[in-house]
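Just so it is clear, none of the values below were taken in a lab; they were calculated from the coordinates. Note that this is a predicted model, so its numbers are computed, not measured. Note that we place each Cβ from the backbone using ideal geometry, even for glycine, and neighbour counts take in every protein chain shown.
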Amino acid sequence: MTNQYPPLTREEVISVIEGKGKANRIPLYYHGWINPGVFGDNSETAAECLKQFPFDFEVISIRMPDKYTAPADNPRYRFMHRDPLENETASQALDAQTALQMEEIDDMIADFPDADYPALWQNPSGPKTKYRVLYWCYWLFERHWWLRGMENALVDFYEYPEETHKLYSALTDFYIKLILNTKKHHDIDGVFITDDIGTQRAPFFSLDTFREFFKPYYARLIRAAHDAGIHVWLHTCGNVTEFMDDFIEIGFDVIHPIQKYSMDEVEIARKYGGRITILAGLDVQQIIPYGTAEDVRAEVRHIIDTYARADGRLILTLGNAATSDCPIENLYALLEESVQYGTGK
């Protein structure tokens, strides 16, 4: 089957994100969170389903450095320049592995990966017709615990504050250069970063900790991106209601997902709907995998009715990556209702 719904233009999406007016339907970012391969025996059916509905964005990926493994043509393009430590084994959970010792921080930063590495940009882009967004996972906190392990990362704010600031500053400088270089290579319109700083009930850390260790570096990245004409999107799972005013103050353009059952979407829409674009994440924990197709349709209508505004400020997607327990009929209901109910809203 072919897609009967044309994608929105780049200009229409920019208008929605900047609160300058809605498009003829709500923009859709579902394909960015749905890999047909997770549906197993139904993967071909899922792929055909996706083809019937629009994806209003073009996603650009880059090759981020690994901890220890470097590409053959650039052996320094990695974060750690030594062999793994004994306490790093494949049998350990990812968030329990400790690569970086804080005593190594100055040496690590002195030999940081090269943001001018040509193979960062693996595929040349063609003519731009859609809104083009650079996407990568792990920014500050996620990169921090990926290098240090979760327990160490949470303690570092108190035991190694100076070293943590050094790490975050170096990462921010590196990321800014990646973004600006990608703007030159691919003429991106936005950058979509992930930094899960919330749990189901509350943030991982206090507002004071956020303001000391995160806010200045987020602000630095946003200023650099905005100066280059690039929107900044933030994915953060969990309940981050406490940080919303700060997110808006420093200029985040898009926030995702406003997690169902963790945050109050009605209150968020009331307080912040006109101040930041909501990339509304449909629930992947309960409704989509375990509800009926009609439950999914009803939730799509609820989300649209909650967030839709005359000035735009709403994009629809999943709250996180689709999982194998999503029935195909629910996937179809999600996409069809989003297009049909979202047209004219």
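So the values come out like this:
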| item | result |
| --- | --- |
| Residues (more than 15 Å from residue 282 (Cα to Cα), part of a loop (DSSP other than H, G, I, E, B) and among the aliphatic types (A, V, I, L, M)) located in the range 303-345 | 310 |
| Residues of the range 13-34 classified as more than 15 Å from the chain's Cα centre (by Cα), in a helix (DSSP H, G or I) and either crowded, with 20+ Cβ neighbours inside 10 Å or among the hydrophobic types (A, V, I, L, M, F, W, C) (or both), total | 4 |
| Among (1) small (Gly, Ala, Ser); (2) within 25 Å of residue 201 (Cα to Cα); (3) surrounded by 15 or more Cβ atoms within 10 Å (Cβ to Cβ) - the single one residue 308 does not satisfy | (2) |
| Lone qualifier among 42, 74 - being in contact (Cβ under 8 Å) with a residue 12 or more places away in the chain, surrounded by fewer than 18 Cβ atoms within 10 Å (Cβ to Cβ) and outside any helix (DSSP H, G or I) | 74 |
| Cross-chain or 6+ apart pairs with Cβ under 9 Å, the range 211-234 first and free of Cβ contacts under 8 Å to residues at least 40 places away in the same chain and under 11 Å from residue 190 (Cα atoms), then buried (at least 21 other Cβ atoms within 10 Å of the Cβ) and among the basic types (Lys, Arg) | none |
| Enumeration of residues in the range 303-345 that are farther than 26 Å from residue 18 by Cβ, in contact with a Pro (Cβ under 7 Å, 6 or more places away or on another chain) and among the β-branched types (Val, Ile, Thr) | 323 |
| Within the range 208-302, strands (runs of 3 or more DSSP E) holding 3 or more residues that are crowded, with 18+ Cβ neighbours inside 10 Å and in contact with a Pro (Cβ under 9 Å, 6 or more places away or on another chain) | 277-282 |
| Residue ID - nearest to the chain's Cα centre (by Cα), chosen from residues in the range 173-207 that are surrounded by 18 or more Cβ atoms within 10 Å (Cβ to Cβ) and among the acidic types (Asp, Glu) | 195 |
| Test: residue in the range 47-63 that is assigned to a helix (DSSP H, G or I) and surrounded by 15 or more Cβ atoms within 10 Å (Cβ to Cβ) | yes |
| Test result for residue 323, within 21 Å of the chain's Cα centre (by Cα) and surrounded by fewer than 18 Cβ atoms within 10 Å (Cβ to Cβ) | yes |
